[in-house]
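Notes follow once the structure below has been shown.
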Amino acid sequence: MTNYKLRTALATGFTLGLALPAAAQTGLCGGAGDNGQWIGGSEAASDVSNASEYMEQMALVLLRNEYVALFNVSSPTSVRVEAQGRGGGDPVIDLRDATGNIVLSDDDSGGNGASRGETELAAGTYCLSMTSYDGSPMTGFVRVGRTEQAALTAGTGGGATTPTTTTTTTTTTPDVTTTDATGFGCSAVSNFLGNGQPIDGQLTGAGVSNTAAVNQVDAWGFSIASQTQLSILAENPSADPVITLYDAAGNYLAENDDFDGLNSRIDMIGGLAPGDYCIEMRALSDESQPVTVSVIGYDAAQQQALSYNSGEASPPLDGSHPVTMLGALGNRVRQDVVTTSDATWFAFDIDAAGLLLVETVSNNEGDSVLYMYDDFGRQVGYNDDANNSLDSMLTVRVNPGTYLVAVKQLSDGQQAPLRLLFERWMPAQ
């Protein structure tokens, strides 16, 4: 899953100089970098624009935590980021800019389960997170380098490529038109978003979209007329679609699987340059299921709301997103909830260190998922199925402070009532 996860890291830093990396300042990359490690061993040594060689760390990820490597870009640079698991590990990577916006996500573009992405980055600080696809413990290597430096992975395209796009803060809405198949990076593209009809003016609202099964249409083409921020969506959880974006020369730009449930989404926050592009389609579950593919204007507020509804990021406690405030949590608290595929959020205060158990009881109705975050937005707990059932359970060590818990149904459109139980244990005095 790609996914935008803020997970606490338990990792062993490994750099080329074998120096122990230093942690970053609080709030970096929207909080994702709070427990990160400078990939070059220090902030000064982690500038990929000027590094004489690629930078690499070995990381241990336990349970559903993540490892975060930090690096700087001092001038616009074509950068390759990679992660490769050991012993059959399947890493997933997310690259965030200093404000927390996801620049790219990838699962398997490195080949053999490894992750890989290449993009042009503007000057700034970036956070590269590595998680395990199935949440199991994993040891892996994370590498950051310029595209002309040696790659860690083979890549599904047979080697490293250099994207033609540039990162920008342009906020225009897409002007998307259909085009012919000449020069597209995907093989034999003959289907185009918008059913072959040009779209005049600015693309607004639902954008441009088409629907087809992956075994009928395995790539969609489109073109843009001006530098544009946009989002690409692939929707039908029964198919479990995976989308990969390429430019006209066949350069890999981005990939996503499971951004929103089993649906996929790519946000090109930095913008795409004018030109032709194609979206390669895969279905992990059923290639005969219809998948709706859309290109829409990127909406930062909508993307943030989606991350809250999916449970992949915790909302602020300023009233801008619905959160039920439980106050100081007692030793045993029950909450009855009618859950949907959008997360229902609860916030509570812990007054003393101890152990917290959070459990869902559904009597075999639905398939619940639990997420837990601290007040910095770091994910401290996640569970889907516990005790050989579709109910969920978290057991988390807590310290005094504010925490948030989200509960939702795993499948899109599903609704089920359940009882949410909080129980606390404190050390004997």
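A short reminder: the numbers here are calculations on the coordinates, not readings from a lab. Not measured: the values here are computed from a predicted model. Cβ coordinates were reconstructed from backbone atoms using ideal geometry, including for glycine residues, and neighbour counts include every protein chain displayed.
Observations, loosely collected:
- Residue order for PHE376, PHE259, PHE422, fewest other beta carbons within 10 angstrom first, comes to PHE376, PHE422, PHE259.
- The range 255-317, relative contact order [Cα under 8 Å, separation at least 6], %: 27 percent
- Diffusion coefficient (Stokes-Einstein, Kirkwood radius over C-alpha pairs, 10 °C, 1.306 mPa s) for the range 314-425: 114 µm²/s, rounded to a whole number.
- Debye intensity ratio I(q)/I(0), log10, the range 224-277, q values 0.31 Å⁻¹ (C-alpha model): -1.17
- Ordering MET393, MET372 from the fewest to the most neighbouring beta carbons within 10 Å gives MET393, MET372.
- Normalised Debye scattering of the range 27-99 at q = 0.16, 0.24 Å⁻¹ gives log10 I(q)/I(0) of -0.62, -1.31, counting only Cα atoms as equal scatterers and leaving out solvent.
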